Amino acid sequence: QVQLVESGGGLVQAGGSLRLSCAASGSIISVNNMGWHRQAPGKQRELVAVITSGGNTNYADSVKGRFTISRDNAKNTVHLQMNSLKSEDTAVYFCNADVQSVFYRRIYWGQGTQVTVSS
């Protein structure tokens, strides 16, 4: 029905950059908030950044000034530009979206993409 697919994860040196992307597809009527969460081994999943349908953004304190979230509404896609990466950014990154489908509205999650930052 509705599917989110992430891309762009990988291995990067500390201080480097990565750009994550996530595209929603399927029986979509509209997409409201979209966002990124991350989860490191043994830790709870935490919010990284969110963006509303109108373009308002919010970030976790730990990534402010380093990460930028953006979206392309025509493509139902959300991006996360990550700069000045640190070892503590290492985690599986998940995108999510509040989607109104032909049947009902709910939050959908992507499968996750691994980001590893080496020192």
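Just so you know, all these numbers are worked out from the coordinates, no wet-lab data involved. Given the structure is predicted, the values throughout are model-derived calculations rather than measurements. Methodologically, a virtual Cβ is constructed for each residue, glycine included, from the backbone with ideal geometry; neighbour enumeration extends over all protein chains shown.
Tell me, what ³J(HN,Hα) does each residue in segment 58-72 have, in order and in whole Hz, if you take phi through Karplus 6.51 cos²θ - 1.76 cosθ + 1.60 with θ = phi - 60° and put x for Gly and Pro?
Each residue of segment 58-72 in turn: 8, 10, 5, 4, 5, 10, 4, x, 10, 10, 9, 9, 8, 8, 10 Hz.
In the neighborhood of PHE94, defined by Cβ-to-Cβ distances under 10 Å, what is the net charge if each Lys or Arg adds +1 and each Asp or Glu adds -1?
+1
Let me understand the chain better: what is its radius of gyration from the alpha carbons, and its Dmax, in angstrom?
13.9, 47
Below 8 Å between Cα atoms, with a sequence gap of 6+, how large is the relative contact order for the chain in percent?
Once divided by the residue count of the chain, the mean separation gives 36 percent.
What residue among PHE94, PHE67, PHE103 shows peak mean-square fluctuation when the chain is described by a Gaussian network model with Cα springs under 10 Å?
Among PHE94, PHE67, PHE103, the largest GNM mean-square fluctuation belongs to PHE103.
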